[in-house]
Amino acid sequence: MEQNEQKAYTGVDVLETLEDAVNYNRFLTRLVSERSNPQHAILDFGAGTGTFAELIRDADRHVSCVEVDSKLRGGLSALGFQAYESIEEVGPDSLDVVYSFNVLEHIHDDESIIQQFYRALKPGGLVIVYVPAFEFLTSSFDKRVGHLRRYRRGPLRSMLANVGFEIDESRYVDCLGVAAGLIYKIIDDGSGQLSRCSVAIYDRFAFPVSRVLDHVFQNVLGKNVLIVGRKPVANA
């Protein structure tokens, strides 16, 4: 969701459904916890209901949040998080890690947000971006939750590099999710709904296998793109 553009998120039910995706949530949480320590200042950009912020805080990390939806932001504050409406409220060179999971695809000017990540990070700080991949997987689900695009690894990597980030890691994630996405398109009834049962089954049985197969396919295919960038020390 774009800063000061969209104030109410229509996919809250999706966030609630994905709370049951234990393996998926654990994977994303580790992307942050394994690249940080308890002294780091971490920002969850597009924190939603706080699923990831809570899990990362449980790993003894200090997390603040950006969330434009006022109701969701109030919920984050009730959970004890410092919750900002805009990343522009965050001071320059003040963060060690910024992560954004499945958010940039909602934002018209995604590059301007990446520029804000760069501004807010300390020299040497990390940005972790995880977004949906491949336009051919676009379905009624994307339309219902407000996805403006899906990404390819090369152009997204270039966008971060053009802003100034050094790229530590770039790969596709969840290769089996491509097949699942195509099956969803075939049986799509146009409602854009996700079955809570189907999500739980995929998470329990398919996602762990997909993570193993990703070692083979991570450079060519996956339901999502992961980019990890670093703000250079020399450019501070």
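Please specify each residue of the stretch 18-61 satisfying the condition of being over 24 Å from ARG119 (Cβ atoms), in a loop (DSSP other than H, G, I, E, B) and out of contact with any helix residue (DSSP H, G or I) (no Cβ under 8 Å at 6 or more places or on another chain).
Listed by number, the residues that qualify are GLU34, PRO38, ASP60.
Looking at this structure, is ASP188 under 30 Å from ILE113 (Cβ atoms), surrounded by fewer than 17 Cβ atoms within 10 Å (Cβ to Cβ) and either in contact (Cβ under 8 Å) with a residue 60 or more places away in the chain or touching a Gly at 6+ places or on another chain (Cβ under 7 Å) (or both)? Outline the logic, then answer.
On the way: under 30 Å from ILE113 (Cβ atoms): yes; surrounded by fewer than 17 Cβ atoms within 10 Å (Cβ to Cβ): yes; either in contact (Cβ under 8 Å) with a residue 60 or more places away in the chain or touching a Gly at 6+ places or on another chain (Cβ under 7 Å) (or both): no.
When the stated conditions are applied, ASP188 does not pass them.
Considering only helices (runs of 4 or more DSSP H) fully contained in the stretch 141-236, which possess at least 1 residues that are of a type in the set (Phe, Trp, Tyr) and in contact with a strand residue (DSSP E or B) (Cβ under 9 Å, 6 or more places away or on another chain)?
Details: elements: 153-163, 176-187, 196-201, 207-217.
Hits in the stretch 141-236: 207-217.
Filter the stretch 83-111 down to the residues that are assigned to a strand (DSSP E or B) and of a type in the set (D, E, K, R) and list them by number. Write out each step before concluding.
Start the filter on the stretch 83-111 by keeping residues that are assigned to a strand (DSSP E or B), which leaves 83-84, 95-101.
Once the filter is applied, which keeps residues that are assigned to a strand (DSSP E or B) and of a type in the set (D, E, K, R), the stretch 83-111 yields only ASP96.
Here are some residues: GLY146, GLY80, GLY74. Which one is of a type outside the set (Lys, Arg), free of Cβ contacts under 8 Å to residues at least 24 places away in the same chain and on the phi > 0 side of the Ramachandran plot?
On the way: GLY146 fails: free of Cβ contacts under 8 Å to residues at least 24 places away in the same chain; GLY74 fails: on the phi > 0 side of the Ramachandran plot.
Going through GLY146, GLY80, GLY74 in turn, the sole match is GLY80.
Okay, residues lined up against (1) modelled with pLDDT of 95 or more; (2) part of a helix (DSSP H, G or I); (3) closer than 28 Å to PHE141 by Cα:
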site: VAL63; (1), (2), (3): yes, no, no
site: LEU72; (1), (2), (3): yes, yes, yes
site: SER77; (1), (2), (3): yes, yes, no
site: GLN116; (1), (2), (3): yes, yes, no
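I'd like the full set of residues that are of a type outside the set (Gly, Ala, Ser) and surrounded by fewer than 20 Cβ atoms within 10 Å (Cβ to Cβ), limited to the stretch 161-185. Lay out the reasoning, then the answer.
Within the stretch 161-185, the subset of a type outside the set (Gly, Ala, Ser) is 162-163, 165-169, 171-176, 178, 182-185.
Residues satisfying the conditions are ASN162, VAL163, GLU166, ILE167, ASP168, GLU169, ARG171, LEU182, ILE183, TYR184, LYS185.
May I ask you to verify whether PHE136 is within 30 Å of VAL220 (Cα to Cα), surrounded by fewer than 21 Cβ atoms within 10 Å (Cβ to Cβ) and out of contact with any helix residue (DSSP H, G or I) (no Cβ under 7 Å at 6 or more places or on another chain)? Reasoning before the result, please.
Numbers: within 30 Å of VAL220 (Cα to Cα): yes; surrounded by fewer than 21 Cβ atoms within 10 Å (Cβ to Cβ): yes; out of contact with any helix residue (DSSP H, G or I) (no Cβ under 7 Å at 6 or more places or on another chain): yes.
Considered against the rule, which asks whether it is within 30 Å of VAL220 (Cα to Cα), surrounded by fewer than 21 Cβ atoms within 10 Å (Cβ to Cβ) and out of contact with any helix residue (DSSP H, G or I) (no Cβ under 7 Å at 6 or more places or on another chain), PHE136 comes out as yes.
The values are calculated or read from the model by the stated rules, or taken from the named source; none is laboratory data. Since this is a predicted model, take the numbers as computed values, not measurements. No Cβ is skipped: glycine too gets one built from the backbone with ideal geometry, and neighbour counts run over all protein chains shown.
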